[in-house]
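Structure record follows, encoded as structure tokens.
The values are calculated or read from the model by the stated rules, or taken from the named source; none is laboratory data. Because the structure is a prediction, the values reported are computed rather than measured. Heads up, the Cβs are rebuilt from the backbone with ideal geometry, glycines too, and the neighbour counts pull from every protein chain shown.
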Amino acid sequence: MRRRRILAVVLLAVVTLALSAAVTLAPTQVLRPNPQVIGPAVVAFPLQPNSVRFAAIGDFGTGDQPQIDVAQQMVKSRAVFPFEFVLTLGDNIYTGSQPSDFEKTFAVPYKTLLDAGVPFYATLGNHDNTNQRFYKPFNMNGANYYTFKKGSVRFFALDTNYMDRTQTAWLETQLRDAGSGGWKVLFFHHPLYSNGRFHGPATDLRVVLEPLFVKYGVDVVFAGHEHVYERVHPQLGIYYFTEGASGQLRAGNLKRSAQTAKGFDTDRSFLMIEIAGDDLYFQAISRTGATVDSGVIHRTIRPTVQF
């Protein structure tokens, strides 16, 4: 009996190490196409040379068929719009913290994208174990918050589960050092502006973060948490998107207000974005390939605001 226990522990350690080093799939785990997923979506991006192209998903890690449908639609859409990476907006793994959970809710649904070399950059949601920061395919490199640059775009990933003074001081330094020569895009889990009925806006975070966003000229913010899609009208010159319906959904949860520029709460969805020069093109797509929102944001350089 003791030998069996030792062998089980060794086998579990080997599986865990393999999961952290690479994404592997068992031969029996095959995605079955859903005939209801039509597409690819009709996309309207300029595909300009040297543009920055990416997708964004939030609240997706269920392992259920709707998440798989969205993943398949992402693959189809990428054949038309070749996005280079994916931002995750939290609630990446709902089911647990075992290697099998990471496989079921991430490695399997996004296998085609991962096999094509598409990297994912993750943030942590309220349903995520903080140890996800060590999962190599999430590209967090052990950090709860981090920054990276693609072309002229600087991305900042925050951990809005634990917004302490250390993190805000780090953010202010990074925003200041980034200057005003390029786009500043932030992504995290809890939306500062939201018209969702279930959670609504994270006003406590807004008090802390919005002054920094305004002071240092943040351009666009992506969040999840509310299981709908919503784009609000610019707030103090900043554009806010909520995409929390890439696996989960609260149908009919959006209570539109004067803030709401566009909303979608009847099916799952994801975002695709292209940043070319001073223009950001966006398109929100449902799991069936329908365009539920699209447009262009023109960046204007704002002077640093003193508070």
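At-a-glance table
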read-out	value
Residue, farthest from H189 (Cα to Cα), within the range 69-126, restricted to residues that are touching a residue at least 40 places away in the same chain (Cβ under 8 Å) and among the charged types (D, E, K, R)	K76
Enumeration of residues in the range 104-121 that are part of a helix (DSSP H, G or I) and of a type in the set (A, V, I, L, M, F, W, C)	F106, A107, L113, L114
Residue list for the range 135-151, restricted to those being crowded, with 16+ Cβ neighbours inside 10 Å and assigned to a loop (DSSP other than H, G, I, E, B)	Y135, N139, M140, N144, Y145
Test: residue in the range 157-176 that is at pLDDT below 95 and in contact with a strand residue (DSSP E or B) (Cβ under 9 Å, 6 or more places away or on another chain)	no
Number of the condition not met by D164 [criteria: (1) more than 23 Å from V296 (Cβ to Cβ); (2) among the acidic types (D, E); (3) crowded, with 24+ Cβ neighbours inside 10 Å]	(3)
Unmet criterion (only one of (1) in a strand (DSSP E or B); (2) more than 30 Å from W170 (Cβ to Cβ)) for T242	(2)
Selection within the range 185-212 - in contact (Cβ under 8 Å) with a residue 60 or more places away in the chain, more than 20 Å from G58 (Cα to Cα) and crowded, with 17+ Cβ neighbours inside 10 Å	none
Test result for P211, in a helix (DSSP H, G or I) and of a type outside the set (A, V, I, L, M)	yes
Among the candidates A245, A202, residue that is closer than 21 Å to T88 by Cβ and in contact with a strand residue (DSSP E or B) (Cβ under 7 Å, 6 or more places away or on another chain)	A245
Selected residue (criterion: surrounded by the fewest Cβ atoms within 10 Å (Cβ to Cβ)) from residues of the range 167-184 that are without any contact (Cβ under 8 Å) to a residue 60 or more places away in the chain and outside any helix (DSSP H, G or I)	G181
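Let's see how each residue does on (1) more than 26 Å from Y162 (Cα to Cα); (2) among the β-branched types (V, I, T); (3) free of Cβ contacts under 8 Å to residues at least 60 places away in the same chain:
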| site | (1), (2), (3) |
| --- | --- |
| V228 | no, yes, yes |
| G247 | no, no, no |
| A258 | yes, no, yes |
| A276 | yes, no, no |
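Residue-by-condition table, conditions (1) hydrophobic (A, V, I, L, M, F, W, C); (2) surrounded by fewer than 21 Cβ atoms within 10 Å (Cβ to Cβ); (3) in a strand (DSSP E or B); (4) modelled with pLDDT under 90:
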site	(1), (2), (3), (4)
R250	no, yes, no, yes
I275	yes, no, yes, no
A284	yes, no, yes, no
T288	no, yes, no, no
I297	yes, yes, yes, no
V305	yes, yes, no, yes
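Every residue, every condition in (1) farther than 19 Å from A143 by Cα; (2) hydrophobic (A, V, I, L, M, F, W, C), yes or no:
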residue	(1), (2)
D177	yes, no
W183	yes, yes
F188	no, yes
S194	yes, no
